[in-house]
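Notes for the one structure printed next.
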Amino acid sequence: MGIWDAITDLIEAATPWTTAEAEAPAAQEEQKEEQEAATETKDEAKDEQPESESAEEQPAEEEAAEEEEDEEDEEEIVDPKEKFEEECKESKQCAPAKHHFDECVDRVTNASGDSEVKEDCVEEFFHLAHCASQCAAPKLWSVLK
Amino acid sequence: MLARSCLRSTRAFAGARNGAINFSKRAASSSSGSAAEQSPLGLNIAAVASTAVAAGSIAWYYHLYGPTAHAMTPAEEGLHPTKYPWVHQEWFKTFDHQALRRGFQVYREVCASCHSLSRVPYRSLVGTIMTVDEAKALAEENEYDTEPNEQGEIEKRPGKLSDYLPAPYKNDEAARFANNGALPPDLSLIVKARHGGCDYIFSLLTGYPDEPPAGAQVGAGLNFNPYFPGTGIAMARVLYDGLVEYEDETPASTSQMAKDVVEFLNWAAEPEMDDRKRMGMKVLVVTSVLFALSVWVKRYKWSWLKTRKLVYDPPQASNTRH
């Protein structure tokens, strides 16, 4: 690392046709993998102890059982929030956000696999959800007790 | 060009008075034009080059400092919750205590299996959410440690009104262990402890989408919730339509349960709110009366001074000299 490297670094950072990366992307992925590996080993450590397993499974089973009962008992309850937000998503007010979100979903689902850049639709989803909940909020409060 | 237009304006004034000056100025302006015609190529090159330098330096500056750098992506920031028109947040409104009762039922039947509410004693439920007898019966359902007896043993006794609501786990480590490493926070002050307060918690509880948006990365053991900073939350969706059966037969939709439990949690965080608002009204009424009174007293006390009239009575001018 001589002084020439420092100068070329500066020039690279200042020239308009380069992209500045806050962190090296490749290194980040490696870190993620390491973290996953660490969590896996933790999970394995937990599996060795049988008490924890039963404790984890029990509430899950109970919840599942409750859900089934509820579905049988009261199917007529419709969540007004979901209803209003669905209406709002289709409304003219949220048409631009919905258009962008749908386009993004199409792009991501079709292009996944071969392309190197991993795009997600989180931001488009945020805009759509924000618009829908904003539009549904007063209607929702007029319905809820 | 600027010089020429300046000259024209002065000419309008000067022209009528002095024709000679007018003529000489016109000669001067035409001579500067002839100087530019002398070397058009050199001047053109200079103009183009200086324009290019100016435009280029502006472009370079905007490349370096123009785009705003965000420390976090929107996903890391989390979706900001929508503002809901909570009735209890209005100036002259109290908590809806029927809603508090429903919310406490939701907490007890749903949230309490993981989240503690360690700063709320049974006695505080009396009169706000339950009657004394109901609260006593609820307290007696749980066992608490006694004082050491004669032999130094600590026995168990049924709960009293002065006891606090029991926590689902013995300590934080047990809570983490049972929840795959994630600690369910204590809910006593959660409304005050989160940005967005009631709106945030309501949005979080009802905001789980059916499936994460395309391409979103959801970590192992996490669930996608747009309102949670980072969008990966360890808590799965817990509120489903009809999960709770309300005693006042309110239809228990997801948003209804979320609204009730959020209002209850707001009460848990600031149980003094109703009293505080009433006290605030008293303070405003009394201080405004006292202020008006003090203004009147001041004006009364100062009236003799403020209403006096100073008159200068000059001695009568007389022509006689003494």
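The values are calculated or read from the model by the stated rules, or taken from the named source; none is laboratory data. Quantities reported herein were computed from a predicted structural model and do not represent experimental measurements. Please note: Cβ atoms are built from the backbone with ideal geometry, for glycine as well, and neighbour counts cover all protein chains shown. Ligands, DNA and RNA are excluded from the accessible area calculation, which covers all protein heavy atoms including side chains. Shrake-Rupley method; radii C 1.70, N 1.55, O 1.52, S 1.80 Å.
At-a-glance table
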read-out	value
Charge context of A:Cys131, other residues only, Cβ under 10 angstrom, K/R +1, D/E -1	+1
GNM flexibility winner over chain B from B:Leu183, B:Leu305, B:Leu239 (Cα, springs under 10 Å)	B:Leu305
Expected 222 nm ellipticity per residue - DSSP helices of 4 or more, -39500 (n - 2.57), all of chain B, to 500	-16000 deg cm²/dmol
Area of B:Val238 that stays accessible when all protein chains are in place (1.4 Å probe, Å², to 10)	50
Inter-chain Cβ neighbour average for residues B:217-228, partner chain, 10 Å	2
Residue-level accessible surface for B:Asp133, protein heavy atoms, 1.4 Å, Å²	120
Of B:Lys160/B:Lys277; A:Lys81/B:Lys259; A:Lys89/B:Lys93, those spanning more than 21 Å from alpha-carbon to alpha-carbon	B:Lys160/B:Lys277; A:Lys89/B:Lys93
Table column - 3J(HN,Hα) (Hz), region B:96-107, Karplus curve with 6.51, -1.76, 1.60, x for Gly and Pro	7, 6, 5, 5, 4, 5, 5, x, 5, 4, 5, 4
In sequence order, calculated HN-Hα J values of region B:261-266 (Karplus, 6.51, -1.76, 1.60; Hz; x Gly/Pro)	6, 5, 5, 5, 5, 5
For region B:156-255, with +1 on Lys and Arg beta carbons and -1 on Asp and Glu, the positive-most of B:Asn180, B:Gly215, B:Cys198 along the dipole	B:Asn180
Region B:193-322: C-alpha gyration tensor shape, a/c 1.5 cut-off, then a/b vs b/c	prolate
Region B:131-181-region B:189-204 distance, computed between alpha-carbon centres (Å)	27
Candidates B:His97, B:His63, B:His88, ranked by Gaussian network fluctuation over chain B, Cα under 10 Å, top entry	B:His63
Fluctuation leader among B:Val285, B:Val106, B:Val53 - chain B, Gaussian network, Cα springs under 10 angstrom	B:Val53
Neighbouring partner chain Cβ atoms per residue of B:177-183, average, 10 Å criterion	3
Cut-off of 10 Å, at most 15 other beta carbons, DSSP loop: longest stretch of chain B lacking such GluC sites (Glu not before Pro)	B:156-244
Calculated log₁₀ intensity ratio I(q)/I(0) where the Debye formula runs over C-alpha points of chain B, q = 0.09, 0.12, 0.15, 0.16 Å⁻¹	-0.72, -1.00, -1.31, -1.39
Solvent-accessible area per residue, Å², over region B:216-306 with all protein chains present [probe radius 1.4 Å]	56
